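Below: the structure, in C-alpha cells.
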Amino acid sequence: MYNRILIANRGEIALRVIRACRELGIQSVAVYSQADADSAHVRFADEAYCIGPSRSADSYLRIDRIISAAELGNVDAIHPGYGFLAENSHFNDVCRSCEIDFIGPTPQAMDRLGDKNAARELAIAAGVPVVPGSDGLIESEDEAVRVAKEIGFPVLIKATAGGGGKGMRVAANELVLKTALQQAQTEAQAAFGNGAVYLEKYIEKPRHIEVQILADHHGNIVHCHERDCSVQRRHQKLIEEAPSPSLPTDKRLAICEAAVKMCKAAEYTNAGTVEFIVDKNFNFYLIEVNARIQVEHPVTEMITGIDLIKQQILIAAGENLSLSQDQIPCIGAAIECRINAENPDRNFQPHPGKIQSMFAPGGLGVRFDSHAYAGYNVSPYYDSMIGKLIVHRPTREQAIATMRRALSELSIQGISTTAAFHDRVLQHPEFLQGACDTTFVDREFNA
Ligand code: MV4
C-alpha cells in the first residue's frame, strides 16, 4: 500500500481525498495556488506545496510543477480528483514515467474513451446500444446529408473531442444542417484543436442516467448502480440522485450490465462512469465514458456504503476488488444538491467573495462535503461549487423531506448561493414524481 499520496486538485474533492487517505493511514500531500493558501485542503493535508499563481493555467494545470511537488513530497501516487488534469492522458503518462502511480485508468484506456467517436465505435463492437448515427466521423457535407436523411431529422452533430455538451449542434432539417456542420467543426477546432465530428439522431427530452463502475487490475469489475442526473441547467448538473426514480428495475439493471460490458471491452480499470441517455420508451443509449471520479459520486457511496475514493486507491495499488457484484447493495435513496456561489436571480452568475458566516446542516442522514468555512474567500478563479449537500434516507420521499430540512439549516452569509433555488426544485410536482428529463430546469424555471 502507498505511504504518501499527492492530491493534484483543490476544493471539496481535494479534501475528500485527504479524508480517505487519513482513514487509510496514508500521508497526504496537497498542492495549492496562491489564491488557495488559506484553503481547507491545505490545512488538513499532512504537507502542502504552493505551485503557482491563482490562474489554473499557472498552477493546477502545470504538470511540471505538480511533478516537482510530488518529487519533493516523496509520494508514491497522485490522485487527480475531477476536472483539471484528471482526464489528461499525457499527465497520466508523465506520472508513470516518473514512477508515480496515477490513481485512475491507464493512459491507453483514457485515450480510447476520450475520443467520443472511438468510444462509440467500441460500444458498437461490444454490442452496447448507441444512438443511431454516422458510421464513424463525418468526412463531407454530402455524407452528413446522406446520414441525416437515413436516420431522420432532427440530428445532433457532436465533436469527437468534445463531451459534457461542448461542441454540439442540433440540426432540424437539411437546410440548417450545412451551416450547423460548419459551426460545429469550427467551434470544435477552436475549443479542442480537433474539428472532427460525428452525427447522431437527436433524442428529444432524454433522461441522463450514468453508471458507476469499479474495475481492478485482475479482471474483476462491478457496477455500483446508477445515478439520475437529469436535473441540470446548460450542462451543469444541479441535483443528482440514486437510484434513478424514473426507471423500472429491469431497465436499471440492463443499463448497469451494459455499462459493465462497455468497460470490459475498453479494458477499463479504476473508477469510471458510463453515461447514457434514456428516451421516453426507456430505450437507452451510451453517450460517453468519463474516466475519472465524478462530483456526484457521494450519492452512490450512500446507497452502497462503499467509499469510492478508498476503492480507487486500493485498486491503483494493485489490490483485488474486495467486493463482488452481489455484495453491492442499493439501499434507500440518496440525493445531492450542488451548492454553488451563484445568484439564481441573475442567471446563475458566479458570486465570489468572502463568506462572512456559515452554518452547516447535520442530523440523521445528512452529509455536507465542503471546503468552505466562515471567513473563507470564494475565489473568482475557479468553478463556483462550494459544497455538496447529500442526504440518504430509506425512501425517496423521506430523502426529499430531509434535504428540504437540511437546506433550511444551511446558512451562508456574504455571497449568494443556489440553496434556495434547490428548495424550489424539490417542491416541483415533476421532481416529486421522479419524472424529470434534461429539459426540466430550463422549461419549468426558464433558467
Ligand atoms: C444527446 C442528446 C440527444 N440526442 N445525444 C449532452 C452532454 C453530452 N454528454 C451528451 N448530451 C446529449 N446528447 C443525442 N443523440 C442530448 C444531450 C443532452 C444532455 C444529455 C445529458 C444531460 C443533459 C443534457 C442536456 C442537453 C442535451
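Here are the numbers for the structure shown:
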| item | result |
| --- | --- |
| Matching residues in the range 46-67 - criterion: being more than 28 Å from residue 25 (Cβ to Cβ) and open to solvent by less than 20 Å² (accessible area, probe 1.4 Å) | 52, 59 |
| Number of the exception - residue 43 against (1) at positive phi; (2) surrounded by fewer than 17 Cβ atoms within 10 Å (Cβ to Cβ) | (1) |
| Condition check for residue 118: in contact with a Leu (Cβ under 8 Å, 6 or more places away or on another chain) and within 16 Å of the ligand (Cβ to nearest atom) | no |
| Condition met for residue 342 (among the charged types (D, E, K, R), within 16 Å of the ligand (Cβ to nearest atom) and in contact (Cβ under 8 Å) with a residue 12 or more places away in the chain) | no |
| Cβ pairs under 6 Å, 6+ apart, first in the range 1-20 and more than 23 Å from residue 320 (Cβ to Cβ), second modelled with pLDDT under 95 and not basic (Lys, Arg) | none |
| Criterion: more than 16 Å from the ligand (Cβ to nearest atom) and of a type outside the set (Val, Ile, Thr) - qualifying residue of 83, 133, 127 | 127 |
| Those residues of the range 259-271 which are within 16 Å of the ligand (Cβ to nearest atom) and either open to solvent by 10 Å² or more (accessible area, probe 1.4 Å) or closer than 18 Å to residue 332 by Cβ (or both), in sequence order | none |
| Hits in the range 71-108 (condition: of a type in the set (D, E, K, R) and over 17 Å from the mean Cα position of the chain (by Cα)) | 71, 76, 93, 96, 99, 101 |
| Qualifying strands (runs of 3 or more DSSP E) (wholly inside the range 356-447; at least 2 residues being under 21 Å from the mean Cα position of the chain (by Cα)) | 366-370, 385-393 |
| Of the criteria (1) over 23 Å from residue 73 (Cβ atoms); (2) open to solvent by 10 Å² or more (accessible area, probe 1.4 Å), which one residue 101 fails | (1) |
| Any hit, the range 282-295, residues being closer than 30 Å to residue 6 by Cβ and away from the ligand (no atom under 16 Å from the Cβ) | yes |
| Selection status of residue 40, closer than 19 Å to residue 102 by Cα, touching a helix residue (DSSP H, G or I) at 6+ places or on another chain (Cβ under 7 Å) and outside the structural domain of residue 271 (by TED's automatic domain parsing) | no |
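The values are calculated or read from the model by the stated rules, or taken from the named source; none is laboratory data. Owing to the predicted nature of the structure, the values given are computational and were not obtained by experimental measurement. Cβ coordinates were reconstructed from backbone atoms using ideal geometry, including for glycine residues, and neighbour counts include every protein chain displayed. Surface accessibility is based on the protein's heavy atoms, side chains included, excluding ligands, DNA and RNA. Shrake-Rupley method; radii C 1.70, N 1.55, O 1.52, S 1.80 Å.
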